[in-house]
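Remarks on the structure that follows.
The values are calculated or read from the model by the stated rules, or taken from the named source; none is laboratory data. Keep in mind that what you see is a predicted model, and the values were worked out from it rather than measured. Quick reminder, even Gly has a Cβ in these numbers, built from the backbone with ideal geometry, and neighbours come from all protein chains shown. The area values use the complete protein model at the heavy-atom level, side chains included, leaving out ligands, DNA and RNA. Shrake-Rupley method; radii C 1.70, N 1.55, O 1.52, S 1.80 Å.
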Amino acid sequence: MSSGCWAAHTPEAIAPATAPRAVRARSMAIRHCNRRATPGVRQVMESNRHLARARTKGVNPITYWIVRGLMQPFFLVYFRMSRIGREHVPDEGPVILAANHRSFLDPFVIATMSRRPLYYVAKKELFRRPLTAWLLNSLGAFPIDRGNADEDAMATARDILARGDAVLIFPEGTRTRPGTLGSPRRGVGRLALETGAPVVPVAVIGTEAIRRGWRIRPHKVRLRAGAPLRFPVVHEPSAQLAGAVTDRIWPCVMLQWEWLGGLPPIRRAAVIGAGSWGTGLAVALARAGVQVELATRTPQQAALLRSAGVNERYLPGVPLPDGVEVLDAHDLELGRHDLVVLAVPARALPEVVAAHGAQITGRTGVLVAAKGLVPPLGTLPTAYVAERTVARGVACLGGPAHAADALDHGAALVVGTADGALGRQIADLLVCAGLYAETSTDAVGVELAGAAKNAAALAAATAAPAGPNAAGAAAGRVFAEVDAYARGRGARAETFAGLAGTGDLIATMVAQGSRNRRAGELLAAGLAPEEIELQLGQAAESLDALPLLARALHDGGMDAPAVSGLADVVEGRVAAGAWADTITAPAPRRRRFVRAA
């Protein structure tokens, strides 16, 4: 007796109660096998039925025109829908409409651009409920298995076009929001080549904002269609050819999108600050296809970088790509850039913002790469920039990312910003450059985690002469005190526990060229901050941030003995060894260090 796949097609076999236990167990296994197989078989059969109806019968005309007769006036009145370029959609003959995808309402809104029924693909999960599946199928939808090469859905689209009907394709493959348009897949190019049908680029904007939970809001919706594109018929086109045709179609969709006021992609960026991280970010953005201007402090530094083609002082061995143009910061014209990266220490932000902030326009995003606090008040860098510019959004960058290692072996970064569109744009660029990037709305947590990381690394290196226990305790207590302060300002616990906090701290402690760790070693040797910076040749942001952090924690009502003691060491009021001794010494009964959550 076998429990193979034949069991799915035979009646259930139930063993008598008097049968041996092994036989009864085998019988139960066959029954369970039948029950598991039935839903999958039914789902495939239902999917095939919906595809067959779309191929042969088409829409249900009564249902379709009743629903459209109700929805179109509703869209025109409630959404104040405007349609531009309807003359580009032919009234007869096969045609492919290629559009961006923002909302579940997109197929119904775009259908009003055509004076005939429009067929479109929908994810197969929407066809699980019989009533919903019947209604969608009656309105022209047919199922597709997203993420897989669904040949049945493609064959259905070809048959629909062969009989002279219109098909709507979303090349992005799924809804993309917020921000700019997503990356297209080559299916639309393949369909255009196999059928020879003209392709009409369509953009829709506003549908992403109409839904909040179950509430449909009266938000303005606009659509625009461009002139049709035609391609020769190619049987069995290669993946490369289909991709090339898709790359021809998608910019036309982007053109309609930007004409409607949609957010354009980041094409030009300015990086202010040609240190190691500024140069590294310029190289990464250029690898992502962005035209980059790298601004230096002086004309002499710009001339040296241009002639050498490499930043030998801060990032040796990494040649500047052709997409990076080096110039003096005074020659920057920020009004033409989509993104401005401020890759300078936090203490230099006031000077940089004073010099260039007025040039930043409302269409420009700003990425702040500083990890620290801005003097004299200890302001967070993104808040400082946002208060003094009209940028459309300000983001910060966190996570373990030492420049040379990031370009050679990759890095995992966190883009912190309340502007979801800007965050996704920057993260997508970093991914295109070969890095891992995630977004977080906890910008306060990302920035304070970076400051805590620097302070903890400095603390560990400063206390290291007292032994590994003192070094570990110093780092842990400084980190915990800043974490507690950040929670009070609304930061999330997972931010400090993730890449922006502990991940960055570990990378700083093991990196060979860690400036903050080296600064702690020199501080323990008795050098003053001014002497330390001369030896490092670069700024160690922890030395600038410690006094500001201590003041911020004090003003926030925090009892932070580890941070305040380390600040006293930085400012020369306490010897490094004396402070390190307090880290492992028994605390007074009424005074305890902050405990990590």
Checklist entry - Does at least one position in region 391-405 carry a residue that is under 26 Å from ASP555 (Cα atoms) and open to solvent by 30 Å² or more (accessible area, probe 1.4 Å)? => result no
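Could you check region 240-267 and list, in sequence order, the residues that are of a type in the set (Gly, Ala, Ser) and outside any loop (DSSP other than H, G, I, E, B)? Lay out the reasoning, then the answer.
Taking region 240-267 first, the residues of a type in the set (Gly, Ala, Ser) are 242-244, 261-262.
Those that are of a type in the set (Gly, Ala, Ser) and outside any loop (DSSP other than H, G, I, E, B): ALA242, GLY243, ALA244.
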Item to check | Residues located in region 211-239, provided they are modelled with pLDDT under 95, farther than 20 Å from ARG158 by Cβ and outside any loop (DSSP other than H, G, I, E, B) | outcome: ARG211, ARG212, ARG215, ILE216
Checklist entry - If you scan region 143-157, which residues turn out to be closer than 24 Å to LEU229 by Cβ and open to solvent by less than 10 Å² (accessible area, probe 1.4 Å)? => result ALA153, THR156, ALA157
Item to check | Residues (assigned to a loop (DSSP other than H, G, I, E, B) and open to solvent by 30 Å² or more (accessible area, probe 1.4 Å)) located in region 538-551 | outcome: GLN538
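ALA484: without any contact (Cβ under 8 Å) to a residue 60 or more places away in the chain and surrounded by fewer than 24 Cβ atoms within 10 Å (Cβ to Cβ), yes or no?
Numbers: without any contact (Cβ under 8 Å) to a residue 60 or more places away in the chain: no; surrounded by fewer than 24 Cβ atoms within 10 Å (Cβ to Cβ): yes.
So ALA484 fails the test.
Output the residues belonging to region 512-537 that are open to solvent by 20 Å² or more (accessible area, probe 1.4 Å), of a type in the set (Gly, Ala, Ser) and farther than 17 Å from ARG573 by Cβ.
Answer for region 512-537, where residues must be open to solvent by 20 Å² or more (accessible area, probe 1.4 Å), of a type in the set (Gly, Ala, Ser) and farther than 17 Å from ARG573 by Cβ: GLY513, ALA525, GLY537.
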Next on the checklist: Checking GLY490 against (1) more than 13 Å from ALA449 (Cα to Cα); (2) outside any helix (DSSP H, G or I); (3) within 29 Å of the chain's Cα centre (by Cα): exactly one of these is not met. Which one?
Outcome noted: (1)
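If you go through region 365-387 one residue at a time, how many are in contact with a Cys (Cβ under 6 Å, 6 or more places away or on another chain) and at pLDDT below 95?
0
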Next on the checklist: Would you confirm whether or not region 159-170 contains a residue that is within 27 Å of the chain's Cα centre (by Cα) and among the aromatic types (Phe, Trp, Tyr)?
Outcome noted: yes
Checklist entry - Any idea how many residues of region 336-352 are under 26 Å from the mean Cα position of the chain (by Cα) and either open to solvent by less than 40 Å² (accessible area, probe 1.4 Å) or farther than 22 Å from GLY262 by Cα (or both)? => result 11
Item to check | Lone unmet requirement of (1) at pLDDT 90 or above; (2) outside the structural domain of PRO465 (by the TED database) for GLY572 | outcome: (2)
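Quickly run through region 105-126 and pick out the residues that are modelled with pLDDT of 90 or more and either surrounded by fewer than 22 Cβ atoms within 10 Å (Cβ to Cβ) or not hydrophobic (A, V, I, L, M, F, W, C) (or both).
Hits for region 105-126 are LEU105, ASP106, PRO107, PHE108, THR112, SER114, ARG115, ARG116, PRO117, TYR119, TYR120.
Being open to solvent by 30 Å² or more (accessible area, probe 1.4 Å) and either touching a residue at least 60 places away in the same chain (Cβ under 8 Å) or assigned by the TED database to the domain that holds THR56 (or both), is that true of even one residue in region 163-173?
Initial filter on region 163-173 (open to solvent by 30 Å² or more (accessible area, probe 1.4 Å)): 163, 165.
With either touching a residue at least 60 places away in the same chain (Cβ under 8 Å) or assigned by the TED database to the domain that holds THR56 (or both) added as a condition, the list becomes 163, 165.
Within region 163-173, one or more residues are open to solvent by 30 Å² or more (accessible area, probe 1.4 Å) and either touching a residue at least 60 places away in the same chain (Cβ under 8 Å) or assigned by the TED database to the domain that holds THR56 (or both).
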Next on the checklist: Residue pairs, Cβ under 6 Å, 6 or more apart or interchain, first in region 552-568 and in a helix (DSSP H, G or I), second of a type in the set (A, V, I, L, M, F, W, C) and open to solvent by 50 Å² or more (accessible area, probe 1.4 Å). List them.
Outcome noted: ASP568/VAL574
Item to check | Only listed residue being open to solvent by 30 Å² or more (accessible area, probe 1.4 Å), touching a residue at least 60 places away in the same chain (Cβ under 8 Å) and either closer than 28 Å to ALA421 by Cα or basic (Lys, Arg) (or both), chosen from ARG102, ARG83, ARG129 | outcome: ARG83
Checklist entry - Among (1) within 24 Å of the chain's Cα centre (by Cα); (2) open to solvent by 60 Å² or more (accessible area, probe 1.4 Å); (3) without any contact (Cβ under 8 Å) to a residue 40 or more places away in the chain, where does ARG211 come up short? => result (3)
Checklist outcome for this item: Going through (1) within 22 Å of the chain's Cα centre (by Cα); (2) open to solvent by 10 Å² or more (accessible area, probe 1.4 Å); (3) assigned by the TED database to the domain that holds VAL77 one by one, ALA286 fails only at (3)
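Which of the following residues is closer than 19 Å to GLU447 by Cβ, in contact with a Gly (Cβ under 9 Å, 6 or more places away or on another chain) and in the same structural domain as GLY434 (by the TED database): VAL318, VAL344?
Values: VAL318 fails: closer than 19 Å to GLU447 by Cβ.
So the residue among VAL318, VAL344 that is closer than 19 Å to GLU447 by Cβ, in contact with a Gly (Cβ under 9 Å, 6 or more places away or on another chain) and in the same structural domain as GLY434 (by the TED database) is VAL344.
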Checklist outcome for this item: Residue count, region 298-321, condition open to solvent by 70 Å² or more (accessible area, probe 1.4 Å) and out of contact with any strand residue (DSSP E or B) (no Cβ under 8 Å at 6 or more places or on another chain), comes to 5
Checklist entry - Got a number for residues in region 437-459 being of a type in the set (A, V, I, L, M), open to solvent by 10 Å² or more (accessible area, probe 1.4 Å) and touching a residue at least 60 places away in the same chain (Cβ under 8 Å)? => result 2
